[in-house]
Amino acid sequence: MYVGVTWGTRAPAKSTSDRLSAGGNDRHTSAAMLSICARHTRGGIYLCNYLTTQRAGGPAPCHVSTSQPSLSKGHRDYSLPNASWSQNLQDLYNKYQELTKNGDWKRLPSYNTSVHHREGDPMDGERENRLFTRNLDKDGVGLEYCMFYNKAEKRMVCIFQPGPYLEGPPGFLHGGCTATMIDSTAGGGAVCTVGPVFTANLNIDYRNPILLGSTAIADSTVEKVDGRKVYTRCTVRGHDDKVVYAEATGLFIKSSNL
Ligand SMILES: CCCCCCCCCCCCCCCC(=O)SCCNC(=O)CCNC(=O)[C@H](O)C(C)(C)COP(=O)(O)OP(=O)(O)OC[C@H]1O[C@@H](n2cnc3c(N)ncnc32)[C@H](O)[C@@H]1OP(=O)(O)O
């Protein structure tokens, strides 16, 4: 399976995110993000690669390619920093980017559509479908995130910043969105380990609420592969590891239908 690429050396946007995180306090970022977002609206549909899967019957394990299949079409890689990123998110990104240098970790590119980016599928023009986690046109109002995969550890880390459009309890992230990030991170780790999967079971203990605009890390490991069944464990914690937001286990089933 082709997974993605690690191209993209665009310099991190600093100025706005620095302003956003002035004082280094994520708690003040969500309100600021609203105004920032108004200035960074991006219209149009980005037709991009995100997750590519192999056809039924193909071998399972994926690899991270260093080719650049989508650049020629101008597809945007959403895993790269933008002006809505807080300093904490940017710092975590820099930290994991540094870890990619010895090859143990790979940054996964992220696009806003998925299906027609299976390797071998024709790039058949614009589609209305969008990846659930990338369905908003404004930077910062939804999910800002970037995933890094460590093959040896079968571990997927997703650094993320939930924006103001994801509110559940006043000021805090909706639990369904936390579940989405757990599902995507653990599912992504499962995909990178065995190939295409469906989520079969997800159990989540919510420990602490996540403030909108804050920076968090979902950290998932594949604990066991038993035939088609992939067992994962995921923890969501704050950017500085001081608070645990959620703990989860997930069962993913390898599928030949994706
Ligand atoms: C490329 C990398 C880049 C990454 C970049 C970022 C990542 C980007 C995101 C991508 C990561 C995806 C993240 C979103 C993932 C979704 O959102 S998936 C959508 C939500 N899930 C679904 O819709 C699945 C719905 N369920 C189904 O389709 C089917 O029930 C399933 C899960 C495919 C299983 O059906 P099946 O293939 O017929 O398998 P079945 O024979 O029933 O069960 C197989 C085995 O699993 C067991 N099992 C099945 N279900 C369960 C269960 N709920 N509990 C316990 N055991 C179970 C069975 O007992 C059986 O065990 P054994 O008898 O073999 O011991």
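The values are calculated or read from the model by the stated rules, or taken from the named source; none is laboratory data. The structure displayed is predicted, hence computed values, not measured ones. Just the protein is used for accessible areas: all its heavy atoms, side chains included, with ligands, DNA and RNA removed. Shrake-Rupley method; radii C 1.70, N 1.55, O 1.52, S 1.80 Å.
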Amide hydrogen neighbours beyond the local backbone of residue 141, cut-off 5 Å, H modeled: none
Largest to smallest principal axis extent of the C-alpha atoms in the stretch 130-198, angstrom: 39, 23, 20
Whole-Hz couplings from phi, Karplus 6.51/-1.76/1.60, listed for the stretch 89-101; x for Gly and Pro: 5, 4, 4, 5, 4, 4, 4, 6, 4, 4, 5, 6, 5
Residue 168 long-range amide H proximity, modeled H, under 5 Å: 173, 174
Accessible surface ranking that places the most exposed of 228, 127, 76 first, with a 1.4 angstrom probe: 228, 127, 76
Links that overshoot a 24 Å alpha carbon limit, given the list 101/224; 95/154; 101/151; 106/224; 106/254; 95/229: 101/224; 95/229
Pairs of Cα atoms farther than 28 Å apart, the stretch 84-226, %: 20
